[in-house]
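All remarks here apply to the structure that follows.
What follows draws every value from the coordinates through simple rules; no lab data is involved. Computed from a predicted model, the values in this text were never measured in an experiment. Using ideal geometry, Cβ is built from the backbone for each residue, glycine included, and neighbour counts are taken over all protein chains shown.
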Amino acid sequence: MEPGGGSSAQALRGEVAAFCARTARERSSRARILDELGRLVDPCSRYADPVHVTGSALVVGRRGVLLHRHKVIGRWMQPGGHVEPGEHPAETASREATEETGVRVRHAHPGPRLFHLDVHCAGDHVHLDLRYLLVGSDDDPCPPPGESQQVRWCAIEEALALADESLVDAVARLAGSGELDDRG
């Protein structure tokens, strides 16, 4: 499925099924997402079911990895959020990254790529979080009012130390991927 065309459960299932899970948490998350996509009628709607797909961004740049301290839960995380109607989670990742950090981003070459996934509780609902690799400009973060003002570029070691437990596998995957060296 191409970004811009919304998100059918079948298309998302294909994307998630192709993800190569390496850790126990990734394997468990992948299995849960595939199960839920088989059940959910409107997987990206935050209103249709307490369990729903979200889109997040692993933003890399010459300055490292971009993280923000979530304004509600107080943990260092990747930018991301709820999928808007008609939006693909890869588009959500891009939109949310810019909205939450003020940094210009683009999908890494050759285009949107599911880089990580995770299932986690978010208050009274469950996020089936699809995480895409994005390349950020080298700008200083400049989050708008209403967003967390604690946003910063981190070296990979710092990102590993700060990252919320749901993000550690993604940062470790990023460290071993070479993406920080080649951000085409």
Item to check | Farthest positive-ward along the range 9-175 dipole, Cα basis, beta-carbon charges - from GLN78, ALA172, GLY123 | outcome: ALA172
Item to check | Sorted peptide list for 77-86, 14-23, 28-37, criterion being average Cβ within 10 angstrom, highest first | outcome: 77-86, 28-37, 14-23
Checklist entry - How far is it, in nm, from the label point at VAL72 to the one at CYS20 when both lie 7 Å from their Cα along the line to the Cβ? => result 3.5 nm
Item to check | Projected label distance in nm at ARG62 and GLN149, using a 7 Å step from Cα toward the beta-carbon | outcome: 2.8 nm
Checklist entry - Say a paramagnetic label sat at a point 7 Å from the Cα of TYR47, along Cα to Cβ; which residues of the range 59-94 have their backbone N under 18 Å from it? => result 82-88
Checklist entry - Which shape class applies to the range 25-120: rounded if a/c is under 1.5, otherwise prolate when a/b exceeds b/c and oblate if not, where a ≥ b ≥ c are the square roots of the Cα gyration tensor eigenvalues? => result prolate
Checklist entry - How would you rank HIS107, HIS116, going from fewest to most other Cβ atoms within 10 Å of each one's own Cβ? => result HIS107, HIS116
Checklist entry - Mean residue ellipticity at 222 nm from the helices of the chain, using -39,500 (n - 2.57) per DSSP H segment of n ≥ 4 over the full residue count, to the nearest 500 deg cm²/dmol? => result -8500 deg cm²/dmol
Item to check | Approximate spin-label separation CYS142-GLU165, in nm, with each point projected 7 Å along Cα-to-Cβ | outcome: 3.8 nm
Item to check | Computed over the range 9-175: relative contact order in percent, which uses C-alpha pairs under 8 Å that are six or more apart | outcome: 26 percent
Item to check | Positive-end residue, the chain charge dipole about Cα centroid, Cβ charges, pick of VAL103, SER28, GLN10 | outcome: SER28
